[in-house]
Amino acid sequence: MSITARTTSSGHERTRTRPVAIVTESTCCLPDELVRRYGIGILPIPYTFGNETYLDGVDLTRAQFYRKLIETRTPPKTSPPSPGEYVKAWRDAAETAAAIVCVTVDSKISTLQRSARLACELAPEMLPNTPVTIVDSLSAGMGQGFVALAAARAAERERSIGEVIKVAEAVSRSVRMIVTLDTLEYLAKTSRIPQVAAFLGGVLAIKPIIQISNGDIHPIARVRTRSRSIMELFEQMRRMAPDGARLRVAVQHAQAAEEAARFEARVRDAFDCVELYTTEFTPVMGGYCGPGLLGVAFHPEEHNNDG
């Protein structure tokens, strides 16, 4: 699903060096080198611990964040960036691009897209010569990241905004993200995903496997040990990956680097990966799931989107 702001001409055009720029939220968890390589604009999500407000990925390192999370044992509270912050991020991108595609986190997970939509209503007045289109990634973490990355690669090849949107929406429909949680303590406190809470039935001493795909979030398995949950995570990936497909894959974790490294090695041996990364969950997302989260996002290699 995409939403485009209508634009008007003011009779004055800046020199643009690329046809389309990509902006996305910090929930995408993209590796810094890919953000720099493709010039992707990242909008940090604000969160608060007590009376202190921070910007996701800016003010605290991941190690500092998780140390604070463990010490306080209280998940941070998040709020969407204001519509004005979205417009500011788009304005920055418009300095070098003729059009903007903003890839948002799944609207069923977060209210961020509401703020982005309000910003889209402001865009014709504040960015009169720059069309802005919002694309719902239908995912989160590197699921969202892969949608933004596919769009950025298409934009780098100087595709039209319509073609960039088409590529992004195709990946949003095909990307899968699966995670297992080591603790349900933080998710239980936030109650952000009711269908998961209902599945757990108040039993915290289990390790659920949760899938996010096509805008749907639901548990697909629950086991009682950490080792079994990681085995089940891998088996679920094996079942979901199309036979014979080359995959783009990202292993993700929250303070579980050694397990993530072992999982990456297993994925590398078992699948034909055109690219494979390991990234750490952004604090805003890790705060709801708690330390020990391990997950994987993947999708088949899309045609004509090498890079």
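Each value in this text was obtained by applying a stated rule to the coordinates, not by laboratory testing. Computed from a prediction, not measured in an experiment: that's the story for all the values here. In this analysis, Cβ positions are derived from the backbone assuming ideal geometry, glycine residues included, and neighbour counts consider all displayed protein chains.
Each Cα pair under 8 Å and six or more residues apart adds its sequence gap; the mean of these over the residue count of the stretch 2-173 is a relative contact order of 34 percent.
For the cross-link pairs K88/K108; K77/K207; K68/K166; K68/K108, which exceed 32 Å when the distance is taken from alpha carbon to alpha carbon? Cα-Cα > 32 Å for K68/K166; rest within. Ordered by the number of other Cβ atoms lying within 10 Å of each residue's own Cβ, fewest first, H218, H253 fall into the sequence H218, H253. Summary of the geometry: the stretch 264-294 and the stretch 18-59, compared by the centres of their Cα atoms, lie 18 Å apart. The shape of the stretch 176-300 comes out prolate: with a ≥ b ≥ c from the C-alpha gyration tensor, a/c is at least 1.5 and a/b beats b/c.
Taking every full run of DSSP H in the chain, the ones that stretch at least 18 Å from end to end by Cα along their long axis and average -1.0 or higher on the Kyte-Doolittle scale are 112-126, 142-156, 161-174, 226-240, 257-270.
So what is the relative contact order of the chain, in percent, for Cα pairs below 8 Å that sit 6 or more residues apart? Don't skip to the answer; put the middle values down first.
Numbers: 663 pairs, mean separation 65.3, N = 307.
Relative contact order for the chain comes out at 21 percent.
The dipole here belongs to the chain: it is taken about the Cα centre, uses +1 on the Cβ of Lys and Arg and -1 on the Cβ of Asp and Glu, and is about 540 debye. Taking the helices alone, the chain has a mean residue ellipticity at 222 nm of -12000 deg cm²/dmol, built from -39,500 (n - 2.57) per DSSP H run of at least 4 residues and averaged over all its residues. Diffusion coefficient of the chain by Stokes-Einstein, Kirkwood radius over Cα pairs, 25 °C, 0.890 mPa s: 125 µm²/s.
Annotation: amide H-H contacts under 5 Å for I134 (H modelled 1.01 Å from N, sequence separation of 5 or more, or interchain): I3, T4, A5, C102. The charge dipole of the stretch 176-300, taken about its Cα centre with unit charges on the Cβ atoms of Lys, Arg (+1), Asp and Glu (-1) only, comes to about 280 debye.
For the stretch 55-174, would you read off the P(r) tail past 20 Å as a percentage of all alpha carbon pairs? Taking all Cα-Cα pairs of the stretch 55-174, the fraction more than 20 Å apart is 50 percent.
Of the peptides 112-119, 135-142, 220-227, how do they stack up when ordered by the mean number of other Cβ atoms within 10 Å, highest first?
Numbers: 112-119: 20.5, 135-142: 28.0, 220-227: 14.0.
Sorting 112-119, 135-142, 220-227 by mean packing, highest first, produces 135-142, 112-119, 220-227.
Considering only A89, Y54, P31, and ranking their Cα positions along the charge dipole of the chain that arises from unit charges at the beta-carbon of Lys, Arg, Asp and Glu, the one farthest toward the positive end is Y54.
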